[in-house]
């Protein structure tokens with residue numbers, strides 16, 4: 001039985017009740033438009049915990065001016081059906097004004113980790129993410145929270161936040177789920193036209209080139225970056241970044257290193273896609 | 001029996017254990033140098049809850065450059081004796097590097113409420129306060145937390161933070177405790193020379209003049225402010241502010257109103273004192 005709650009107090013109560021019954025809580029924060037990537041987080045939460053809570057909230061704070069807040073897909077009914085099918089225990093789907101009432105004026109922000117990559121392209125994005133997730137963590141209470149590593153930087157930032165603020169939350173980053181042809185699943189993929197969908201593979205192609213080179217012994221960040229960048233630059237309309245950075249600090253390593261994050265963000269028409277691979281750790285995308 | 005813990009994990013465990021034994025937790029965050037003001041918070045916590053936790057931490061984040069971080073009184077042994085006398089259950093006295101390890105980079109900040117009064121004089125002060133108190137709240141877990149209303153703005157800001165971030169924390173503001181002659185208790189009073197100690201009464205005198213005028217029907221914020229300001233200006237070496245503002249929003253009311261906060265900050269030599277009264281609510285200081 002999946003319970004759907006709309007109010008923060010009801011969500012808190014549901015999680016408190018679960019713990020009072022000696023059940024551990026697994027949290028899967030989402031913006032809805034659920035796909036197999038989200039469902040893999042739910043499955044992971046089910047493996048690790050006794051009571052699975054999914055939140056569905058398109059968080060206005062994390063969208064900048066001119067971004068896709070208004071057109072972001074809202075598919076609550078099918079999201080709920082997907083949660084019911086997977087025996088999610090509670091779905092929290094609040095209205096924006098119950099999350100941000102009139103006097104709301106608090107922000108949680110993270111330093112260095114939010115500056116590069118997405119932080120350069122989407123100023124204030126991560127402040128919106130950390131603020132809403134802090135609220136969700138506080139409502140859920142002690143739990144294990146699942147995030148997809150497609151949003152790699154977000155995962156690192158939220159781990160940092162939970163640690164720095166001594167939150168009683170375990171933050172788990174789960175592997176990227178991909179289409180058979182390699183495209184990372186994203187709620188934004190549905191924006192793509194048929195021809196854009198084909199060109200979207202430029203990112204995967206770039207990540208694979210870097211991965212293959214890595215496996216053949218190429219460990220220079222600059223070279224790996226160039227290999228990944230080439231197909232993205234030729235297939236996409238605009239490239240925000242192709243970066244080769246340290247997977248923990250997100251800054252450029254001084255030289256060859258034992259793990260390198262290749263992270264990409266690029267536009268096809270009005271759609272912005274991101275993807276990444278950690279060389280020395282992840283399988284071939 | 002008062003337990004003293006030094007590590008965040010030990011403090012979390014002590015509070016978790018109390019709740020596991022069905023005891024409610026009362027939290028009294030302090031910077032040590034405990035005086036009767038703090039002890040009144042402890043007594044209030046004892047009345048309201050089953051398990052009283054006192055934290056003692058001189059938080060470097062909330063001191064600006066040139067402020068009194070280095071000379072701030074540290075009197076841990078007598079603080080612990082005071083806590084033992086009052087049967088405090090646990091004292092958490094962490095070292096700075098266990099609160100702020102090397103990679104620490106998270107900040108909790110509040111908007112409008114932090115701008116006026118102390119916020120104008122001590123930029124970044126409240127960011128330091130909200131960040132450390134967020135950590136203490138998260139370590140303590142669900143509890144009722146006591147703050148003195150001498151730091152009126154701080155109390156309002158922390159209430160706002162707990163509410164905005166959906167923290168499972170009740171924030172209680174407790175009445176100011178005063179010396180027989182009216183001076184509000186403060187760890188900083190010990191800095192005062194004998195002659196400064198006498199002149200310090202200028203603040204109380206100002207608050208009393210405003211209170212008396214209020215009781216005689218004077219409700220104009222400007223007039224009340226002027227009445228309070230006069231003795232502060234004549235007795236103190238430097239006045240940061242004497243303000244008459246709305247007690248909830250901390251902004252100047254448009255006209256006469258049913259409650260007015262008179263808040264004062266002023267310097268005697270190298271010592272900065274603050275005090276306040278809510279007209280229409282508090283007794284005569």
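Please treat every number below as a calculation from the coordinates, not as lab data. All values derive from a computational prediction rather than experimental measurement. Because the Cβ atoms are built from the backbone with ideal geometry, glycine has one as well, and the counts that use them run over all protein chains shown.
Things to note:
- Chain A: C-alpha gyration tensor shape, a/c 1.5 cut-off, then a/b vs b/c: prolate
- In nanometers and ordered shortest first, the copy-to-copy spacing of the residue B:194 label point, defined 7 Å from Cα toward Cβ, is 9.6.
- Sorted fewest first by neighbouring Cβ atoms within 10 angstrom, B:245, A:177 come out as A:177, B:245.
- Relative contact order of region B:1-148, pairs being alpha-carbon contacts under 8 Å that are 6 or more residues apart, as %: 39
- CD proxy at 222 nm, helix term only [per DSSP H run n ≥ 4: -39500 (n - 2.57); per residue of the protein assembly as shown; nearest 500]: -11500 deg cm²/dmol
- Cα-Cα separations in region A:187-277 greater than 15 Å, expressed as whole percent: 55
- Over chain B, Cα pairs under 8 Å with separation of 6+ residues give a relative contact order of 17 percent.
- Other-copy label distances relative to residue A:21, 7 angstrom Cα-Cβ extension, nm: 2.8
- Cα shape, region A:3-61, gyration tensor, a/c 1.5 rule: oblate
- Taking every alpha-carbon pair under 8 Å whose residues sit at least 6 apart, region B:187-276 reaches a relative contact order of 30 percent.
- The distance between label points at residue A:95 and residue B:201 comes to 5.7 nm (points 7 Å beyond Cα on the Cα→Cβ vector).
- For the rotational copy relationship between A and B, the axis lies nearest to a chain A beta carbon, identified with its distance in whole angstrom as A:108, 3.
- Model label zone, residue B:19; criterion: amide N under 12 Å from point 7 Å along Cα-to-beta-carbon; scope region A:17-32: A:17, A:19-20
- FRET efficiency estimate (nearest 0.05) - Cβ-Cβ, residue A:76 to residue B:81, R0 60 angstrom: 0.55
- Footprinting exposure proxy for B:1, A:31 (fewest neighbouring C-beta atoms within 10 Å first): B:1, A:31
- Over region B:35-162, equivalent-ellipsoid semi-axes from the Cα gyration tensor in Å: 24, 18, 15
- As a proxy for reagent exposure, ranking A:199, A:178 by other Cβ atoms within 10 Å from fewest up yields A:178, A:199.
- Label spacing, shortest first and in nm, from residue B:43 to its equivalents in the remaining copies (7 angstrom along Cα→Cβ): 6.2
- Separation between Cα centres of region A:88-150 and region A:249-278, rounded to whole Å: 22
- Kirkwood-Stokes translational diffusion coefficient of the protein assembly as shown, alpha-carbon pairs, 37 °C, 0.692 mPa s, µm²/s: 125
- Computed lengthening from residue B:179 to residue B:267, 0.36 nm per intervening residue step minus Cα-Cα distance: 29.8 nm
- In this structure, residue B:7 and residue A:48 have a Cβ-Cβ separation that, at R0 = 45 Å, corresponds to a calculated FRET efficiency of about 0.95.
- Efficiency of FRET between residue A:258 and residue A:163 - r from beta-carbon atoms, R0 30 angstrom, step 0.05: 0.85
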